[in-house]
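What follows is calculated from the coordinates using simple rules that are stated; it is not laboratory data. Being a predicted model, the structure only gives us computed values, none of them experimental. All Cβ positions, glycine included, derive from the backbone under ideal geometry; neighbour counts span all protein chains shown.
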Amino acid sequence: MTIATPKRLTIEEYLGYDDGTDTPYMLRDGVLVTMGAESDRNVSVAMFLISIFLQVLPYSLLRRGTEIAVPGTNAETRYPDLMVLTEECRSALAGAKRSLITFEMPAPALVVEVVSNSEQDKASRDRDYEDKRTEYAGRGIPEYWIVDPVKQVVLVLTLVDDAYEAVEFMGEQAIVSQTFSELTLTTTQILAAGE
């Protein structure tokens, strides 16, 4: 659902926007768009990954519900299912009025997206596999994980020369992360969290 606005908003205008409701929005091409509800599977997978990352990282670097500005023709933002911040990104975000990583702030170390019903919702699948891949690479995010419960895979994308190189993991294969090499995790473990 798109909310009518008198003009397209910039990120700065969006940061100051308040319509007096608790309605969550994101920006698509400078236009306010209401956010749909997340599936329980997406939340469960993200929470499981948080529990894993807490074994190797301080909680202050983990984020759910934090927004990130991404490149687009007009102002664009995304709400990844999970983000792992760098210390520099965390410091830049500290004290912000809104939990939004702007272009002036350093990029997070990792974003994770859980594909929602990709067999039934092609638009959602395309967003995670194509649009966000381009946007996150343009933002300089070193690593992007796509968790796809329908295809039963985890795709780990690593930024190389401004584009992502992808490696697909299935079943009991150990997920290999260049950014978080200390993790011991399989696709089966991640996907089981969402069942």
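Could you check which residue among V147, V70, V160 shows the biggest mean-square fluctuation in a GNM of the chain with a 10 Å Cα cutoff?
Judging by the Gaussian network model, the answer is V160.
Among T10, T184, T21, rank each residue by its count of other Cβ atoms within 10 Å, from fewest to most, as a rough exposure measure.
Numbers: T10 13, T184 10, T21 7.
Starting with the residue having the fewest Cβ neighbours, the order is T21, T184, T10.
I'd like the Karplus ³J(HN,Hα) series for the range 126-132: coefficients 6.51, -1.76, 1.60, θ = phi - 60°, whole numbers in Hz, and an x wherever there's a Gly or Pro.
4, 4, 5, 7, 10, 4, 5
Rounded to the nearest 5, what % of the DSSP beta bridges within the chain are antiparallel ones? Intermediate values should be presented prior to the final figure.
Details: 28 of 35 bridges.
Antiparallel: roughly 80 percent of the beta bridges in the chain.
What ³J(HN,Hα) values, in whole Hz, does the Karplus curve 6.51 cos²θ - 1.76 cosθ + 1.60 give for the range 9-14 when θ = phi - 60°, with x put for Gly and Pro?
8, 8, 4, 4, 5, 4
Counting helices only, and only those DSSP H runs with n ≥ 4, report the 222 nm mean residue ellipticity of the chain as the sum of -39,500 (n - 2.57) divided by its residues, in deg cm²/dmol to the nearest 500. Mind dumping the intermediate values first?
Numbers: 6 runs with 44 residues, N = 195.
The helix-only estimate for the chain comes to -6000 deg cm²/dmol at 222 nm.
Starting at the first residue of the range 16-29, write each ³J(HN,Hα) from the Karplus equation 6.51 cos²θ - 1.76 cosθ + 1.60 with θ = phi - 60°, in whole Hz, x for Gly and Pro.
Result, rounded to whole Hz: x, 6, 8, 9, x, 10, 9, 5, x, 10, 9, 9, 10, 6.
Please name which of A69, T179, F48 has its Cα lying farthest along the dipole of the chain towards the positive end, using unit charges on Cβ (Lys, Arg +1; Asp, Glu -1) and the Cα centre as origin.
Of the candidates, A69 comes out farthest on the positive side.
Suppose every Lys and Arg Cβ carries +1 and every Asp and Glu Cβ carries -1, with no other charges. What dipole size does the chain come out with about its Cα centre, to the nearest 20 debye?
On the way: 17 positive and 31 negative charges, 63 e Å.
It works out to roughly 300 debye.
Once the Cα atoms of the range 38-192 are picked out, what are the Rg and Dmax in Å?
Every Cα atom of the range 38-192 included, Rg and Dmax give 14.6, 42 Å.
Normalising by the residue count of the chain, find the relative contact order in percent from Cα pairs under 8 Å and 6+ residues apart. Walk me through the numbers before you get to the answer.
On the way: 352 pairs, mean separation 32.5, N = 195.
Once normalised by length, the contact order is 17 percent.
Could you please report the charge total around T188, scoring K, R as +1 and D, E as -1 over all other residues with beta-carbon less than 13 angstrom from its beta-carbon?
Taking every Cβ under 13 Å from that of T188, the sum is -2.
With everything on Cα atoms, drop me the angle between helix 40-53 and the longest principal axis of the chain, reported from 0 to 90° to the nearest 10.
Rounded to the nearest ten degrees, it is 70.
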